[in-house]
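Down below is the structure, laid out as structure tokens.
Derivation of every value follows stated rules applied to the coordinates shown; laboratory data play no part. Note that this is a predicted model, so its numbers are computed, not measured. Cβ atoms come from the backbone with ideal geometry, glycine included; neighbour counts cover every protein chain shown.
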Amino acid sequence: MSHRMLLLPTGIFLAGIFAAPALAQAPAPVIPAMPDDVKPIRLAGLGIRVSDLERSKKFYTEVLGLKVGARVPAQGEPVEYLLGMTGDIRADSLIVIRKGEVKPGAADFGSITIVVPNGRKMAERVAAAGYPTGRIVDGTNLVKDPDGYTIELYQRPGAPSAIP
């Protein structure tokens with residue numbers, strides 16, 4: 001075997017060592033400034049699949065106090081509801097509940113945050129309606145909707161936690 005044959009694997013190895021940092025340091029692509037006619041207007045909301053549309057609508061409206069801004073379709077059996085604080089779908093940030101299969105792990109994405117004046121009282125309301133809650137504390141609380149999605153009942157710091 002010649003000395004060239006012995007050195008070839010070493011040369012390939014060394015070339016790989018020196019080439020790897022060069023490849024890793026490739027410049028990031030330049031992203032041009034976003035033109036105004038492309039910029040998002042606002043964050044409209046979040047859509048989730050629910051196993052029982054009417055049960056979820058009842059939870060979000062009767063228990064949490066959201067309002068139905070629209071139902072889709074407007075006539076016939078609904079397949080989704082657009083829910084918000086005021087019922088104005090053009091102004092609200094929306095939670096869209098859509099009839100469909102809730103796949104395993106789907107509810108583990110994080111949480112839906114709703115700002116409330118009193119986290120303890122709202123969590124107690126959720127518990128009284130028969131829905132799961134964690135340990136109820138003064139301030140922000142976590143509860144579950146009928147399909148297991150986590151709802152963060154966020155109480156702003158400094159907000160009174162025990163309003164009589």
Considering every residue within the range 139-148, establish whether at least one is closer than 15 Å to residue 60 by Cβ and in a strand (DSSP E or B).
yes
For the range 28-51, pairs from a residue that is outside any loop (DSSP other than H, G, I, E, B) to a residue that is exposed (fewer than 10 other Cβ atoms within 10 Å of the Cβ), with Cβ under 7 Å and 6 or more apart or across chains, are 49/101
Those residues of the range 80-97 which are over 10 Å from residue 70 (Cα atoms) and touching a Phe, Trp or Tyr at 6+ places or on another chain (Cβ under 9 Å), in sequence order
95, 97
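Quick check, is residue 127 on the phi < 0 side of the Ramachandran plot and under 15 Å from the mean Cα position of the chain (by Cα)? Even if it seems obvious, please write down each step before you answer.
Numbers: on the phi < 0 side of the Ramachandran plot: yes; under 15 Å from the mean Cα position of the chain (by Cα): no.
Answer is no for this residue.
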Mind listing whichever residues of the range 35-70 are of a type in the set (A, V, I, L, M, F, W, C) and more than 13 Å from residue 87 (Cβ to Cβ)?
38, 41, 43, 44, 46, 48, 50, 53, 59, 63, 64
Filtered residues of the range 56-113 (kept if aliphatic (A, V, I, L, M) and free of Cβ contacts under 8 Å to residues at least 12 places away in the same chain)
72, 74, 91
Hey, can you tell me all the residues within the range 53-108 that are among the β-branched types (Val, Ile, Thr), surrounded by 14 or more Cβ atoms within 10 Å (Cβ to Cβ) and in a loop (DSSP other than H, G, I, E, B)?
89, 102
